[in-house]
1. Taking into account only those residues within the stretch 43-95 that are within 17 Å of LEU167 (Cα to Cα) and of a type in the set (S, T, N, Q), which is farthest from the chain's Cα centre (by Cα)?
2. Go over the candidates ALA166, ALA84 one by one and state the one that is in contact (Cβ under 8 Å) with a residue 60 or more places away in the chain, among the small types (Gly, Ala, Ser) and under 14 Å from PHE25 (Cα atoms).
3. Checking the structure you have, find out if any residue of the stretch 96-117 is farther than 19 Å from TYR168 by Cβ, touching a Leu at 6+ places or on another chain (Cβ under 7 Å), of a type in the set (A, V, I, L, M, F, W, C) and at pLDDT 95 or above.
4. So is LYS192 modelled with pLDDT under 95 and either part of a helix (DSSP H, G or I) or out of contact with any Asp or Glu (no Cβ under 7 Å at 6 or more places or on another chain) (or both) or not?
5. Are any residues in the stretch 141-153 surrounded by fewer than 17 Cβ atoms within 10 Å (Cβ to Cβ) and without any contact (Cβ under 8 Å) to a residue 24 or more places away in the chain, and if so, which ones?
6. How about the stretch 150-181: which of its residues are assigned to a helix (DSSP H, G or I), more than 15 Å from VAL40 (Cα to Cα) and among the small types (Gly, Ala, Ser)?
7. I'd like to know if the stretch 16-31 contains one or more residues that are modelled with pLDDT of 95 or more, touching a helix residue (DSSP H, G or I) at 6+ places or on another chain (Cβ under 7 Å), farther than 24 Å from ALA114 by Cβ and surrounded by 21 or more Cβ atoms within 10 Å (Cβ to Cβ).
Amino acid sequence: MSEEKVYVVKENSIADPSTVGLASFGIALFCLSFVNAGLVGAGSIGLIIATALICGGLVHIMVALWGFLKNELYTALVFGTYGAFWTIFSLFQLGVVLKWFEVDPGMMTIFFIAWTIFTFFVWVATLATNTAVIIVITTLLIVFILLDLGLGQLAGYLGIFTALAALYTSAAGLLNTMFGKQVLPVGGPLIK
C-alpha cells in the first residue's frame with residue numbers, strides 16, 4: 001500500500017517583501033547620497049556601482065516578483081520599476097568609468113524627469129499606505145526634483161535622510177512582525 005503525500009500551501013506564506021525592498025533601497029541610496037552630497041570622493045564609485053546593482057537592482061526585482069506572488073500591485077510595481085532604475089543607473093555609471101561613452105547632461109536631465117514623473121504617481125498611491133512610507137516616497141520625489149534642477153549636492157543630503165527613513169520603515173516592518181506588536185510606529189494612511 002502506498003502512502004499519498006499531501007502538501008498544504010499556506011495562503012500568503014511569503015513574508016512581506018517590502019521590508020526587504022526598503023532595507024536594500026535604504027542601503028543603496030545611503031551610499032549613493034554620500035557621493036552626491038560631496039561627503040566622499042568619486043573614488044568610491046566602484047562600491048557604489050556594486051551596491052546599486054545588487055541592493056538596488058537585483059534585490060528590488062526579486063522583491064517585485066515576491067510582490068506579484070502575494071498579489072501586491074504596489075510592491076510589485078514600485079520595487080520592480082525602481083529595480084530597473086538602479087540597474088540602469090549602475091550600468092550607466094560602469095560605462096562612464098570604463099569610458100564606453102560620455103555623459104550628456106541634457107539626457108541625464110531627461111532621465112531624471114522621467115523618474116520624477118513616475119515617482120509622482122507612486123507618491124499619489126503612497127498616500128493610501130502608511131506615514132513612514134509616505135515620508136520615504138515624498139522625500140524621494142523631492143530628491144528627483146532637485147536632480148531635475150541640477151542641485152545634486154542638495155539632493156545628496158536629502159537622499160541621506162530618505163535612506164534613513166527607508167531603513168527605519170524596514171526596521172519597523174521587521175521588529176513589529178518579530179515581536180507581534182508595535183515596536184516602531186509607522187502611522188496610518190493620509191487617504192483611505
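The values are calculated or read from the model by the stated rules, or taken from the named source; none is laboratory data. Everything numeric in this text was worked out from a predicted model, so none of it was measured. Please note: Cβ atoms are built from the backbone with ideal geometry, for glycine as well, and neighbour counts cover all protein chains shown.
1. THR51
2. When all the criteria are applied, what remains is ALA166.
3. Scanning the stretch 96-117, I find at least one residue that is farther than 19 Å from TYR168 by Cβ, touching a Leu at 6+ places or on another chain (Cβ under 7 Å), of a type in the set (A, V, I, L, M, F, W, C) and at pLDDT 95 or above, so the answer is yes.
4. Values: modelled with pLDDT under 95: yes; either part of a helix (DSSP H, G or I) or out of contact with any Asp or Glu (no Cβ under 7 Å at 6 or more places or on another chain) (or both): yes.
Yes: the conditions hold for LYS192.
5. LEU149, LEU151
6. Those that are assigned to a helix (DSSP H, G or I), more than 15 Å from VAL40 (Cα to Cα) and among the small types (Gly, Ala, Ser): ALA163, ALA165, ALA166, SER170, ALA171, ALA172, GLY173.
7. Yes: one or more hits.
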